[in-house]
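The values are calculated or read from the model by the stated rules, or taken from the named source; none is laboratory data. Because the structure is predicted, anything quoted here is derived from the model rather than measured. We place every Cβ from the backbone using ideal geometry, glycine too, and count neighbours over all the protein chains shown. Just the protein is used for accessible areas: all its heavy atoms, side chains included, with ligands, DNA and RNA removed. Shrake-Rupley method; radii C 1.70, N 1.55, O 1.52, S 1.80 Å.
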Amino acid sequence: TGSPAVSRNSLDQLLAVLIDGIIYSAWLFIAAVGLTLIYGVMKIVNVTHGSFYALGAYAAASFTGAWIARGYPPMLSYAVLLGSAMVITLAFAPLIERGILRFMYAKDEVVILLITYALFLILEDVIKLIWGVDPYFIAEPYELLGSFEVGEMTYPTYNLILVGIAIASGLGLTLLLQGTRVGKLLRTVIHDPEVSRAMGINVDRFYLSTFTFGSFLAALGGAFTAP
């Protein structure tokens with residue numbers, strides 16, 4: 001048998017891996033759930049999803065940095081992170097879906113894939129044009145809530161926000177799809193868009209809402225992982 005010290009060290013390492021895995025999974029889930037939603041409803045591989053993640057992160061860094069630099073209440077910086085994701089989404093998502101994607105739904109999936117990849121490259125240059133290529137740092141929201149201890153390890157309390165957002169996103173989408181009239185209509189659109197149109201369902205509106213909300217989740221993931 002091993003010594004108690006070795007066993008305790010192994011347990012601490014296992015616990016560290018578990019906690020880091022939960023935090024990383026939460027961060028990944030926030031962005032990925034939006035991509036899954038868009039593909040599930042619209043049947044398109046949305047490469048621009050990564051652009052919304054990056055735009056959310058840069059916008060959050062800029063707006064939150066400006067907020068703190070002006071001496072506004074630091075605790076409200078979390079609302080600024082959320083607002084940054086909303087601003088980015090409303091500025092780009094409806095324009096992309098209504099201006100470009102809605103004309104391509106009848107085409108082959110490869111065509112839409114290439115279009116979203118082209119938009120990804122364009123938005124990458126937009127990011128460079130607005131923010132340049134230098135890194136941005138906003139540590140204040142990450143440090144503001146202090147830390148908590150698990151055994152001998154210390155973790156920033158901010159990580160619990162990421163886990164909370166991931167859980168809220170998953171539960172919220174589940175309740176929306178399973179327990180609301182809008183969710184039932186959306187599932188009808190998923191199964192058969194043509195029949196849904198014949199039944200009087202505004203499929204285009206559902207596509208716009210789905211793309212906008214899915215993109216918002218990507219921008220939200222970027223905004224809250226920026227710190």
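General observations
Every residue, every condition in (1) outside any loop (DSSP other than H, G, I, E, B); (2) at pLDDT below 90, yes or no:
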residue: 1; (1), (2): no, yes
residue: 6; (1), (2): yes, yes
residue: 26; (1), (2): yes, no
residue: 29; (1), (2): yes, no
residue: 38; (1), (2): yes, no
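- Contacts under 9 angstrom Cβ, first residue in region 176-201 being farther than 21 Å from residue 106 by Cβ and open to solvent by less than 80 Å² (accessible area, probe 1.4 Å), partner outside any helix (DSSP H, G or I) and among the aliphatic types (A, V, I, L, M), 6 or more apart: 185/201
- Restricting region 106-124 to residues that are in contact with a Ser or Thr (Cβ under 9 Å, 6 or more places away or on another chain) and not hydrophobic (A, V, I, L, M, F, W, C), the residue that is nearest to residue 43 (Cα to Cα) is 116.
- For region 79-98, the condition holds for no residue, the condition being that it is out of contact with any Gly (no Cβ under 7 Å at 6 or more places or on another chain), modelled with pLDDT under 90, part of a helix (DSSP H, G or I) and among the acidic types (Asp, Glu).
- Against the conditions (1) more than 25 Å from residue 157 (Cα to Cα); (2) assigned to a helix (DSSP H, G or I); (3) modelled with pLDDT under 90; (4) charged (D, E, K, R), residue 128 satisfies every one except (3).
- Test: residue in region 46-63 that is without any contact (Cβ under 8 Å) to a residue 12 or more places away in the chain, touching a helix residue (DSSP H, G or I) at 6+ places or on another chain (Cβ under 8 Å) and open to solvent by 80 Å² or more (accessible area, probe 1.4 Å): no
- Within region 26-44, residues that are within 17 Å of residue 100 (Cα to Cα) have Cβ atoms under 8 Å from residues that are open to solvent by 20 Å² or more (accessible area, probe 1.4 Å) and not β-branched (Val, Ile, Thr) in these pairs: 42/105; 43/109; 44/105; 44/109; 44/113, counting only partners at least 6 apart in sequence or on another chain.
- When 53, 72, 105, 78 are checked against the criterion of being under 19 Å from residue 129 (Cα atoms) and among the aromatic types (Phe, Trp, Tyr), a single residue qualifies: 53.
- Residue that is surrounded by the fewest Cβ atoms within 10 Å (Cβ to Cβ) [pool: residues in region 149-166 that are in a helix (DSSP H, G or I) and free of Cβ contacts under 8 Å to residues at least 24 places away in the same chain]: 164
- Some residue of region 92-110 being within 18 Å of residue 222 (Cα to Cα) and either open to solvent by less than 70 Å² (accessible area, probe 1.4 Å) or not aromatic (Phe, Trp, Tyr) (or both): yes
- Condition check for residue 144: aliphatic (A, V, I, L, M), in contact with a Pro (Cβ under 9 Å, 6 or more places away or on another chain) and open to solvent by 50 Å² or more (accessible area, probe 1.4 Å): yes
- Evaluation of residue 169 against the conditions (1) open to solvent by less than 40 Å² (accessible area, probe 1.4 Å); (2) of a type in the set (Gly, Ala, Ser); (3) in contact with a strand residue (DSSP E or B) (Cβ under 6 Å, 6 or more places away or on another chain) shows that the sole unmet condition is (3).
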